[in-house]
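Worksheet for the structure shown next.
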Amino acid sequence: MNITGSYTFDAPPQAVWDLLIDIDAVAACLPGCESMDPIGDNKYRVVLTMGIAAITGRYEGTVEMRDLEPPCSYRLVVEGRGKPGFVTGGGAISLTASDGGTRVTVDGTVQVGGTIARVGQRLIGSVAKMMMDRFFACLQQRLTHPA
Amino acid sequence: MSTRIFGSGIRRREDPRLITGTATYTDDLTLPRMVHAAMLRSPHAHARITSIDTSNAAAAAGVVAVYTHADTVGALQPTPCAWLLPDSDLKVATYHGLAKDVVRYVGDLVAVLVAEDRYAAEDALELIEVDYEPLPAVIDPEQAAKDGAPQLHDEIPRNQAFHWTVAGGDIDAAFEQAEVVVSDRIIQQRLIPNAMETRAALASYTTATGELTLWNTTQNPHIVRFLMSGVCGLGEDKIRVVAPEVGGGFGSKLAVYPADFVTVFCSMRLGRPVKWTETRSENYQATTHGRDHVQQVELAAKKDGTITGLRCTVYAGMGAYLSTAAPGIPTILHGLMLSGPYTLPAVKEDVYGTYTNGTPVDAYRGAGRPEATFMLERMMDLLAAELEMDPVDVRKKNLIPKFDDGHEVITTLSYDSGDYPAALDKVLAHADYAGLRATQAKGPINGTYLGLGLANYVEMCGLGPSQVAGAIGFQGGLWESAIVRFHPSGKVHVFIGASPHGQGEETTFAQIVSSELGVDPNDVKVFHGDTDMTPMGWGTYGSRTTAVGGAALALTARKIRDKAKVIAAHLLEAAVEDMDYEDGKFFVKGAPDQHKTITDIALMANVAWNMPEGVEAGLEASTFYDPPNFTFPFGTHLAVVEVEAETGVVTLTRYIALDDCGPQINPVIVEGQVHGGVVQGIGQALWEEAVYDEGGQLVTGSMLDYALPRADMLPDIEVLSTVTPSPHHPIGVKGVGEAGTIGSTVAVYNAVIDALRPLGVTSIRMPLTPERVWQAIQQAKG
């Protein structure tokens, strides 16, 4: 399943880039994120609680940032699993300067298995989009009103 | 034969316990020291297991044991396939009880966990840590056969489980000389059987005696015992299999499953009773599915509508492993039925059974025959359209005329009896077919199009002669057995080998005994489904319980009658040759007032105070009945639909089902069977489909997404019948369990296409959801 999105920030690409690789900011903005701990180069162990339709569950997995080209692009590789099933996904994230700000585009795919695939498949696209929207809205908020 | 009881729609004696919720199913049973199993199933369609860590799960509260494949080595043989199709290059993949190294479908068993209660078992299941390395998956049976497709089993090239062929007549000449050829590509989508009761097993192994009792929701307890013996290494004498109340099966409880064997393994290992009951989610993933054919079909004919040849290639998805009867379904039960009720001079079918990363596919109500009927009846409508003939006229041109005692068709089967034109005519008259066509000719009303869909069918039932079973690779016999035992008071116990599970044989079999011997049907109790109590039998499938088991019972009752007549003659001081029998009374010819009833005889035979010379005490008999041929029920179905072109919504406005199953023991039960079957067939046409995503995830994994028919989606079903007895059957009956399903899918499909003909639509992929119908209309518009 493909997931795409586009978000604008009132800040230059470098500032947005710094925010995107700031793990504290990412952990704080990722909906349902309980912890995010480094386990290697640009690789993190993540614990996340997420609800899709009637299926709420806790997922453990890894997030890895690859092919970092600051402040232009990187790839995100996500793997997670929990009682409700497994999630694997990846995406290309690009930053481009635009009208004095930055446009961030996300082009990703997600695969799920287990109960979430069986029962929640219809909703996964919209849940993933909603989570991504919330994540970027939170980051935009942080940029505007730094903690 | 008494006509009052035979043919009477008396109420099903099964129903009070079923409708009051007091029936006992496997899951209702509780034994002392019983523990509960939960199954860990693969969330991946295809993956290598790189590690399994059960330590956290094993240490959790209430957990008794956790087992993986390594624990079962030497104790559990692979799950067998019991239909070893000959002359087909059959390759049976090893189907371990618990997966070894690789999982091949979502639902493949990885581990079993046993705990003191079900909740602890389910909770601890998620503590088992399995690392998978995902592998590419393939779901479509035709894609699976192509070069470069993901390979499921190393030793089986191109995922080909078998290649089976049926051929007769000169098919090449038929197509070379054809005046007209029609063809279609038909997808018989995957279906999920949805029995009301999910699968369950309660295994109780006693270490001290080495004996196992297994309560199992199954259609064939004796086959379970037979296979369990081989897989678990116990003597058949040490195994008792009981099928308590069984809440439907439709073929899905014919198979013997890894989870059954694994449950028994746990009980043997622990020396405690172990119960496993499938959740509905598990049922969707791990209980066998049905259909899954990709069919390429072409029909050769003359311009006057006479058909001359049928040629087809079918890719039949088997899922990841071969289930118990799987290879026989899209071949023997499908390809041999391709002549249907028509005179077909030439036929050729190639069936490729392919392994895919889906749930194993096995028999599902109709099992092969709906898929054959669909092909043939679809071709009939396409031919009619091509020749601008009425679909009725094309069919009438080709129907086999009435026959009473044998008719051989090109696929080598010999049909027993049939009157197909009479069935068709009766439906046409009942429906006012001409009137409906006249209404249709007036054109659509407010954008709603009327369509009529016909299906004639013949099915092979009453499986079947055991000699044939051997020849076609079925790893068992196909006879049935019955014991009839009269108690001193004249009450009767009947023990049958077949194992009904909802079809009402406790009632109809009492009616058979009552009709043959004149006892009150309420004095006849029918026992089934317990291998320690009943004689051997081969189970309930292929509409065979009454067709084969009923024959065994009728013949047994006649043996009782013969013995009773000898005793009656003795008591009336007459010669046996001078005796007559009518409605339960034995009397000297011409003197019916002086008679002995079967109840009188039962008392005398049991006390044995005054028996004829050389006649044994007791009034009991048994029969092992091996049928000389299959039975061939037939019928005609007509569906009337309205299709709204703007929305693609199909409304089924009338459904007429004529089924000729021979004489009807209980017409109310026959009607119920037809209703159920028809609805399942309509479900395939309009709503049901097991959908996998491109990665092999089952996305219709619950009733939220898998659309089962509901009462409010259906019209009243108008059930008709004709009665053509089977000439080779002791009471002429043919079987009716699957009849409704066989004609109904294509009848509805044909009706929808018929409605949309003015719009140029010729083919739509099932199920015919509003979206698909609407899309087809848009495409036809161009």
Eligible lysines near B:K781 by straight Cα distance, threshold 22 Å, same-chain separation 8 or greater: B:K442
Using helices alone, what [θ] at 222 nm do you get for chain B, with -39,500 (n - 2.57) per DSSP H run of 4 or more residues, divided over all residues and rounded to the nearest 500? -8000 deg cm²/dmol
Positive-end residue, chain B charge dipole about Cα centroid, Cβ charges, pick of B:Q684, B:S414, B:I19: B:I19
Helices from chain B with mean Kyte-Doolittle at least 0.5 and a Cα length along the axis of 20 Å or more, per DSSP H: which? B:667-686, B:739-756
Over 19 Å between Cα atoms: which of B:K559/B:K585; B:K491/B:K585; B:K91/B:K146; B:K348/B:K396; B:K565/B:K589; B:K565/B:K596 fall into that group? B:K348/B:K396
Once the stretch B:159-285 is represented by equal point scatterers at the alpha-carbon sites, with solvent omitted, what log10 I(q)/I(0) does the Debye formula produce at q = 0.12, 0.16 Å⁻¹? -0.59, -0.82
FRET efficiency (B:E176, B:Q775; Cβ distance; R0 51 Å; to 0.05) is 0.85
Mind jotting down a quarter of the surface of the convex hull over the alpha carbons of the protein assembly as shown, in square nanometres, one decimal? 45.1
If each residue of separation counts as 0.36 nm, what is the full-extension length gain between B:V723 and B:N446 once their alpha-carbon separation is subtracted? 95.5 nm
Treating only the Cβ of Lys, Arg, Asp and Glu as charged (+1, +1, -1, -1), what charge dipole size does the protein assembly as shown show about its Cα centre? Round to the nearest 20 debye. 680
So how much slack lies between B:E116 and B:A61, counting 0.36 nm per residue of separation and subtracting their Cα-Cα distance, in nm? 18.9 nm
Any idea what diffusion coefficient the stretch A:2-144 gets from Stokes-Einstein, in µm²/s, Kirkwood Rh on alpha carbon pairs, 10 °C, 1.306 mPa s? 103
R0 of 51 Å, Cβ-Cβ distance B:R558-B:E155: FRET efficiency to nearest 0.05: 0.45
Relative contact order %, the stretch B:565-709, counting alpha carbon pairs below 8 Å whose residues are six or more apart: 11
Normalised contact order of the stretch A:2-144, rounded percent, pairs of Cα under 8 Å and 6 or more residues apart: 29
When the dipole is taken about the Cα centre of the stretch B:479-625, and only Lys, Arg (+1) and Asp, Glu (-1) are charged at their Cβ, what size is it in debye, to the nearest 20? 200
For B:A65, what residues show an amide H to amide H distance below 5 Å, using hydrogens built from the backbone and excluding near sequence neighbours? B:V114
More than 35 Å apart - percent of Cα-Cα pairs taken over chain B: 49
Relative contact order of the stretch B:650-738: what whole-number percent is it, with Cα pairs under 8 angstrom and at least 6 residues apart? 51
Taking the Cβ-Cβ separation of B:R765 and B:E386 as r and a Förster radius of 22 Å, what is the calculated FRET efficiency to the nearest 0.05? 0.55
Cα centroid separation, the stretch B:309-333 to the stretch A:2-70 (Å): 48
Net charge of neighbours whose Cβ lies under 10 Å from the Cβ of B:L31, counting Lys and Arg as +1 and Asp and Glu as -1: +3
Semi-axes, largest first, in whole Å: what does sqrt of 5 times each Cα gyration tensor eigenvalue give for the stretch A:20-86? 23, 12, 11
Give the separation of the Cα centroids, the stretch B:631-678 to the stretch B:136-165, in Å. 37
Gain upon complete extension [B:K302, B:D237; 0.36 nm per residue less C-alpha separation]: 17.3 nm
Lys/Arg Cβ at +1, Asp/Glu Cβ at -1, dipole of the protein assembly as shown taken about the Cα centre: which of B:G148, B:A434, A:G51 is farthest positive-ward? A:G51
Please give the helix A:115-144 orientation as an angle from the longest Cα principal axis of chain A, in degrees from 0 to 90, rounded to the nearest 10. 20
Grab the alpha carbons of the stretch B:479-625, take their convex hull, and tell me the volume per residue in Å³. 105
Specify the inter-centroid distance of the stretch B:24-99 and the stretch B:473-515, based on alpha-carbon positions, in whole Å. 34
Looking at the stretch A:1-53, I'd like the Rg to Rh ratio, where Rg is from alpha-carbon atoms and Rh is Kirkwood's inverse mean 1/r. 1.02
If I model a spin label at B:D520 and A:A92 as a point 7 Å from the Cα along the Cα→Cβ vector, what separation in nanometres do I get? 8.4
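Each value in this text was obtained by applying a stated rule to the coordinates, not by laboratory testing. Since we're looking at a predicted model, the values are computed, not measured. Note: ideal-geometry Cβ built from the backbone for every residue, glycine included; neighbour counts use all protein chains shown.
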